[in-house]
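Here the structure comes first, spelled out in structure tokens, and everything after it is commentary.
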Amino acid sequence: MAKAVGRALALLAGCLLLPAAHADLAGLLDDQPAVLSPQQAFAPQLAVGTDGRLQVQFHIAPGHYLYRDRLLLTDATGTPLRAQLPPGEAYDDPEFGAVAVLRGVQHIPLDLPASTDTIVRLRSPRCAQGRLCSAPVQVDLQQPGPNLP
């Protein structure tokens, strides 16, 4: 029995020395909120701009960001769409160096007329400040149709 307890304590001590385990434990002890899903963190949607063209809107949650130059917008067939990306905010990323990131509310005009059958596919890594970035996530957006009685 004493050997089993000793092994369990040694295993626990080894886990605490691993950086990933230490970071997770620190997150639990600091009472940091869980990393949000892409839909919760970025709330992407299609909307019609004042010029009658489609735009992608993001409501990026505090503590999250998108890499400006890693945001890919295509149609349903994978053809890239022309978008007017904002300049973004300069950020010194530990993984990629100097990059531009998007935070807060973003409106990205597309060179597409509004249509309820248009699908816009967006692909981007999701990032939580100081915590982690995931592999790119793909989301298909479609403009909601008119309200039916």
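Some notes on this structure:
- Fraction of accessible area attributable to carbon and sulfur, the stretch 36-81 (%, probe 1.4 Å): 52
- Cα convex hull of the stretch 76-149 - mean projected area over all directions, nm²: 7.0
- Taking amide H as placed 1.01 Å from N in the peptide plane, the amide H of ILE119 sits under 5 Å from that of ALA76, each at least 5 places away or on another chain.
- Full-extension gain in nm, ARG53 to ASP92, via 0.36 nm per residue minus C-alpha separation: 10.7 nm
- Once backbone amide H atoms are built at 1.01 Å from N, ILE60 has GLY104, VAL105, GLN106 as its partners under 5 Å, excluding neighbours fewer than 5 places away on the same chain.
- 3J(HN,Hα) couplings calculated from phi for the stretch 85-92 with the Karplus curve 6.51 cos²θ - 1.76 cosθ + 1.60 (θ = phi - 60°) are, in sequence order, 6, x, x, x, 10, 5, 8, 8 Hz; Gly and Pro show x.
- Per residue, the convex hull spanned by the Cα atoms of the stretch 53-116 measures out at 102 cubic angstrom.
- On the basis of the beta-carbon distance and an R0 of 22 Å, LEU132 and LEU72 show a calculated FRET efficiency of 0.60.
- Rounded to the nearest whole Hz, the Karplus-based 3J(HN,Hα) values (6.51 cos²θ - 1.76 cosθ + 1.60, θ = phi - 60°) of the stretch 110-124 follow the sequence 10, 8, 9, x, 5, 7, 6, 9, 7, 10, 10, 9, 10, 9, 6, with x at glycine and proline.
The values are calculated or read from the model by the stated rules, or taken from the named source; none is laboratory data. Keep in mind that this is a model prediction, so the values were computed, not measured. No Cβ is skipped: glycine too gets one built from the backbone with ideal geometry, and neighbour counts run over all protein chains shown. In case anyone asks, the SASA skips ligands and DNA or RNA and just uses the protein heavy atoms, side chains included. Shrake-Rupley method; radii C 1.70, N 1.55, O 1.52, S 1.80 Å.
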